[in-house]
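Shown next, in structure tokens, is the structure this report addresses.
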Amino acid sequence: MKVLIIGGVAAGATTAARLRRLNKDVEMIVFEKGNYVSYANCGLPYYVSGEIQGKDDLLLMTPQLFYDRFQIDVRVASEVTAIHPENKSISVYNHMTGETYEENYDQLVIATGSSPIRLPIPGIDHPDIQQLWTIDDFEKIRQKVELENMHTACIIGGGFVGIETAENLKELNVDVDVIEKGPQILNNLDFEMVQPIHKYLNRKGIHLYLNTELLAFEDHQSKIQVKTNSFTKSYDLVILSVGVKPQSEIAKKAGIDCNARGGIVVDEYLKTNIPDIYAVGDVIEVEHYIHHQKTMIPLAGPANKEGRILADNLAGHPQKYLGSLGSSIIKVFEMAAASTGFNEKQLQAQDLHRHQDYEVVIIQQKSHAGYYPGAKPLTIKVIYDLEQNILGAQVIGYEGVDKRIDVISTAIHYHGKVTDLKDLHIAYAPPFASAKDAINMVGYVAENMQNGYIQLMLPDEYQQIKDHVITLDVRENDERKAGYIEGSYHIPYGELIHRYQEIDPKQTVVIYCAVGVRAYNCARILMQRGYQKVYVLSGGLGFYLDYCFK
């Protein structure tokens, strides 16, 4: 059997290496139009700052290593320009020799990945406008910072790679602005969960221009002038990071089915509509693990999993790809932000509505036992349907973010209920967690909501009605001196049991404290005394103030 693989990096390289481990006799050729066949592209932003010092540290495999270890023929600078299903061959252009030739196959794997979107903006082809994609792209940025005494940079787009690059440029003392067309960066998070990140980046000296439309680029005194709908400013360097699209042009020309966004359509075995042609990685349409509808999730984790499964299928050991969950995490200086499954924006796009179709728990806890030094705030949002099935989660904080999102992702994979989280046995020692871990607390709160012991009010809901409710601050006197919600009534927690009659039982009451624990206890005091419309402000005062940040 002769297998040709178009594209290396994650999905293609994984397919090739796994297939060789399963079949010593199959002939394989990997075609990569770039100069590197397998590299850690997720590490590229950290190469800019020197956090990852050498380019070789990012190279996972070279063509020579592929041949020496696996007897796989890897051809870099070799661009596949056409697929000919009728005679089971491909056309290849060798960028080094200028030669074009054909290669036959028994099985063909398309792992062409995705490519960065280039905006149709005047001046987009300016030589000092860089994109974020290949090792060579990041090498140019690093050299520009090191050799050209660069002081200012503008990043267009607030996605993962754009924000990671902003951080790494800031570590080199470059003044960085980020322009984002939408109201927030990091669209995997909901607005209230990303607001603390907005505030934190502002503190770090990275200026975010949100709701800002890019109009044009122009030369201006040896710099690039960026024109938007709200300002004009010049920079030493402009970096484009506005998203990606699947590289599926050769597949479309060959008659392979693609969706409206260009994603190659495959079945559960990663087969296309044309016999003996398969596809994996960022270029394909996948099934979402939760609702089983088709979507695009261009992430390294799913790409590697798909490559492994496809290799098993090619070797005669059929495996199904069960779908992608979209779990992701980003480091933002000392903070981290992670998500898995659906966020509220995605559910609302499916015409689902909070309280009618799903519920939300937001809690703020310490990353480990509060009495052990160094405990940091940790905020968790979990979304679940009315049958308690977990639909998605988001976690932000300074430590332990990865642990918590991975636990929830695992719970989703095994079809756990949100209330099952209270029963999980999380490893505990004071430096790592609390005896009742934040994950357990999500389960406890969800169970309390299910039993009618508590009602939560999210910041956006409170903003809409705050002028028509009683807002009750139950913190201590000294805490209130440091700040409070304007117009709130103050009864410290320890006094409420004696003063609760000061609150009109006919009114809606929204209670807040620092993080929500005391507010919950106070809500129980009122509810057990006949108060019907009592809510706890999710996440407490600090989280609400972050939500209001402008």
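Figures for the structure shown
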quantity	calculated
Of residues in segment 125-150 being assigned to a helix (DSSP H, G or I) and over 25 Å from the mean Cα position of the chain (by Cα), the one surrounded by the fewest Cβ atoms within 10 Å (Cβ to Cβ)	Leu147
Residues within segment 5-53 that are part of a loop (DSSP other than H, G, I, E, B), in contact (Cβ under 8 Å) with a residue 24 or more places away in the chain and among the β-branched types (Val, Ile, Thr), tallied	3
Selection from segment 81-124 of residues that are surrounded by 13 or more Cβ atoms within 10 Å (Cβ to Cβ), assigned to a strand (DSSP E or B) and either without any contact (Cβ under 8 Å) to a residue 60 or more places away in the chain or on the phi > 0 side of the Ramachandran plot (or both)	Ser89, Ser91, Tyr93, Asn94
Hits in segment 485-534 - residues which are closer than 22 Å to Pro377 by Cα, outside any helix (DSSP H, G or I) and touching a Phe, Trp or Tyr at 6+ places or on another chain (Cβ under 9 Å)	Ile485, Ile511, Tyr512, Cys513, Val515, Gly516
Strands (runs of 3 or more DSSP E) (entirely within segment 208-286) containing at least 3 residues that are over 26 Å from the mean Cα position of the chain (by Cα) and surrounded by fewer than 19 Cβ atoms within 10 Å (Cβ to Cβ)	214-220, 223-228, 232-235
Residue match in segment 61-70 (condition: under 28 Å from Arg142 (Cα atoms), in a helix (DSSP H, G or I) and of a type in the set (Ser, Thr, Tyr))	no
Residue among Arg75, Arg142, Arg118 that is basic (Lys, Arg) and touching a helix residue (DSSP H, G or I) at 6+ places or on another chain (Cβ under 7 Å)	Arg142
Sole residue being of a type in the set (Ser, Thr, Tyr) and within 17 Å of Ser91 (Cα to Cα), chosen from Ser248, Ser241, Ser234	Ser248
Index of the failed condition, Phe231 passing every other in (1) assigned by TED's automatic domain parsing to the domain that holds Asp137; (2) at positive phi; (3) hydrophobic (A, V, I, L, M, F, W, C)	(2)
Among the residues listed as Tyr321, Tyr269, Tyr278, the single one being under 17 Å from Gly113 (Cα atoms), at pLDDT 95 or above and of a type in the set (Phe, Trp, Tyr)	Tyr278
Close pairs from segment 398-414: first in the same structural domain as Gly374 (by TED's automatic domain parsing), partner among the acidic types (Asp, Glu), Cβ under 6 Å, at least 6 apart	Tyr398/Glu334
Selection from segment 246-264 of residues that are within 26 Å of Ser339 (Cβ to Cβ) and hydrophobic (A, V, I, L, M, F, W, C)	Ala260, Ile264
Single condition His292 does not satisfy, out of (1) part of a strand (DSSP E or B); (2) surrounded by fewer than 19 Cβ atoms within 10 Å (Cβ to Cβ)	(1)
Test: residue in segment 225-235 that is in contact (Cβ under 8 Å) with a residue 60 or more places away in the chain and out of contact with any strand residue (DSSP E or B) (no Cβ under 7 Å at 6 or more places or on another chain)	no
Residue satisfying condition, being over 21 Å from Ile426 (Cβ atoms), surrounded by 14 or more Cβ atoms within 10 Å (Cβ to Cβ) and out of contact with any Cys (no Cβ under 6 Å at 6 or more places or on another chain), within set Glu387, Glu359	Glu359
Options Arg475, Arg499, Arg480: the member that is of a type in the set (D, E, K, R) and touching a residue at least 12 places away in the same chain (Cβ under 8 Å)	Arg475
Qualifying residue in segment 18-33 (condition: within 30 Å of Asp175 (Cβ to Cβ), of a type in the set (A, V, I, L, M, F, W, C) and crowded, with 21+ Cβ neighbours inside 10 Å)	no
Scope segment 168-183; condition crowded, with 23+ Cβ neighbours inside 10 Å and in a helix (DSSP H, G or I); matching residues	Asn168, Leu169
Which listed residue is farther than 22 Å from Gly243 by Cα and outside the structural domain of Ser434 (by TED's automatic domain parsing), from Gly307, Gly301, Gly281	Gly307
Leu352 under 19 Å from Ala411 (Cα atoms) and surrounded by fewer than 20 Cβ atoms within 10 Å (Cβ to Cβ)	no
Sole residue being at pLDDT 95 or above and within 32 Å of the chain's Cα centre (by Cα), chosen from Leu58, Leu108	Leu108
Where Ala77 falls short, out of the listed (1) modelled with pLDDT of 95 or more; (2) within 17 Å of Gln247 (Cβ to Cβ); (3) more than 26 Å from the chain's Cα centre (by Cα)	(1)
Residue among Val418, Val445 that is within 24 Å of the chain's Cα centre (by Cα), β-branched (Val, Ile, Thr) and buried (at least 18 other Cβ atoms within 10 Å of the Cβ)	Val418
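The values are calculated or read from the model by the stated rules, or taken from the named source; none is laboratory data. All figures in this text were calculated on a predicted structure; none of them were measured in a lab. Note that we place each Cβ from the backbone using ideal geometry, even for glycine, and neighbour counts take in every protein chain shown.
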